[in-house]
Amino acid sequence: MFVSGFLPLYDAGILKREVEGAVLHAAFFIDERAFYERLRAMPWPERQRFRMMGVGYTNELLGDEQGKRRARVQARFINNAMKVTLHGAAVSDALEDGRVVSGVGRQYNFVAQAFALEGARSVLTLNATRQAKNGLESNIVWRYGHQTIPWHLRDLVVTEYGVADLRGKFDAETIAAMLAVADARFQPELLAQAKQAGKLPASYQIPERCRRNRPEQVQALLAPLEQRGLMPRFPFGTDFTAEEQRLLPALEWLKAQTRTKRGQARLLIAALRAGTPSTEQTACLERMGLAQPAGLSAGFPAAIPAAIRERLYRRLLQAALEATEAESAEHRGAGPGQ
């Protein structure tokens with residue numbers, strides 16, 4: 001996957017090692033318009049350094065295996081997962097009840113290459129938690145009824161709280177490493193499950209520094225960088241307008257609130273309290289077609305439910321915009337230890 005983030009690496013001289021005249025082979029070229037414009041503007045000899053190849057070339061070791069082994073020196077294969085067990089098995093494509101969420105793609109092929117190539121590593125990334133229908137849940141679990149990558153191919157697992165290096169580790173070492181990158185709110189239950197199964201000694205304790213794995217701790221550490229303007233939401237550019245960039249976190253917040261009864265009640269109260277929208281909020285409401293919701297005097301009763309619904313949507317979105325703007329302002333004002 002060739003995205004715009006590789007171009008600054010190329011410009012800085014970091015992406016420079018050539019294989020048959022190319023610094024990058026990719027099966028997909030995908031990003032915002034400026035990315036394509038940059039490629040089109042390149043002189044032909046330079047553009048030839050970025051080559052589109054079939055997935056059979058990029059994702060497989062077979063087919064000119066010796067050439068690929070020479071090219072893929074110290075390779076790092078980075079993929080995303082939905083859940084990872086404490087034993088290091090990854091879930092990336094389906095739920096344990098059989099419902100398919102996504103295709104596997106070639107994730108297994110990349111992981112297998114990491115073990116077939118000398119010095120290569122597999123890196124699986126995931127968020128430590130997710131907002132589910134019944135509230136927050138951990139993406140690091142004791143066991144799961146479906147696996148995409150089996151535990152015996154465990155390697156590097158990365159969450160927002162750190163890196164768990166699992167390759168070649170015994171089960172107890174693996175479980176301890178996974179607990180260290182889990183969210184602190186779920187660590188006690190996970191630790192108890194591991195001890196109950198006899199995988200960790202009864203005396204084992206998660207290190208104190210890892211028991212602070214919470215979103216607010218991460219935010220406090222990142223706040224100074226945000227204050228210096230070093231952590232924009234889209235560091236390599238985007239086609240989203242200013243209004244759409246404000247709407248994205250607001251819609252995410254809105255979705256999160258509607259997952260639980262408590263969140264729905266809190267959202268309704270916030271919507272009822274929403275005041276006159278600011279200029280920026282009005283622009284966002286216009287983008288969603290809610291700046292001037294239909295009135296209640298449409299002339300016939302059937303129009304009333306639709307009009308009420310539209311006014312409610314407007315207030316809900318305004319409440320979401322106010323909430324995310326307040327969170328953003330709070331984060332910008334936070335410092336280490338706050």
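The values are calculated or read from the model by the stated rules, or taken from the named source; none is laboratory data. Predicted, not measured: the structure shown is a model, and the values here were computed from it. Reconstructed Cβ throughout: ideal geometry from the backbone, glycine too, with neighbour counts over all protein chains shown. Just the protein is used for accessible areas: all its heavy atoms, side chains included, with ligands, DNA and RNA removed. Shrake-Rupley method; radii C 1.70, N 1.55, O 1.52, S 1.80 Å.
Within the range 78-198, DSSP assigns beta bridges of which about 60% are antiparallel (rounded to the nearest 5). Taking every protein chain into account, the accessible area of the chain amounts to 58 square angstrom per residue (probe 1.4 Å). Approximating the spin labels as points 7 Å out from Cα along Cα→Cβ, the residue 144-to-residue 29 distance works out to 3.4 nm.
Between the helical axis of 187-196 and the longest alpha-carbon principal axis of the chain there is an angle of about 50 degrees.
Could you list, in their original order, any pairs among 68/169; 133/199; 169/195; 83/261; 133/255 whose Cα atoms are separated by more than 22 Å? Spell out each step's value before the answer.
Details: 68/169 28 Å; 133/199 31 Å; 169/195 18 Å; 83/261 25 Å; 133/255 10 Å.
Going by Cα-Cα distance, 68/169; 133/199; 83/261 fall outside the 22 Å limit.
Expressed as a whole percentage, what fraction of the accessible surface of the range 1-105 belongs to carbon and sulfur atoms when a 1.4 Å probe is rolled over the protein heavy atoms? Before the final figure, lay out the partial values.
Working: 3500 of 6130 Å².
Result for the range 1-105: 57 percent of the exposed heavy-atom area is carbon or sulfur.
Taking the centroid of alpha carbons for each part, the range 85-159 and the range 213-230 are 27 Å apart.
Can you tell me the order of 40-46, 23-29 when each peptide is scored by its average per-residue count of other Cβ atoms within 10 angstrom, highest first? Working shown, then result.
Numbers: 40-46: 8.9, 23-29: 15.9.
Sorting 40-46, 23-29 by mean packing, highest first, produces 23-29, 40-46.
Please list the three semi-axes, largest first and in whole Å, of the ellipsoid equivalent to the range 22-122, using sqrt of 5 times the eigenvalues of its alpha carbon gyration tensor. Let's see the in-between values first.
Working: eigenvalues 173, 81, 26 Å².
The equivalent ellipsoid of the range 22-122 has semi-axes of 29, 20, 11 Å.
Based on a Kirkwood Rh over C-alpha pairs, give the Stokes-Einstein translational diffusion coefficient of the chain at 4 °C and viscosity 1.567 mPa s in µm²/s. This corresponds to a translational diffusion coefficient of 55 µm²/s.
Given an 8 Å cut-off on Cα distances and at least 6 residues of separation, report the relative contact order of the range 124-166 as a percent.
Numbers: 42 pairs, mean separation 17.4, N = 43.
Relative contact order here is 40 percent.
Overall shape of the range 65-192 was characterised from the C-alpha gyration tensor. The equivalent ellipsoid obtained from it has semi-axes of 26, 17, 12 Å, in decreasing order.
The C-alpha atoms of the chain define a longest principal axis, and helix 215-227 lies at about 80 degrees to it.
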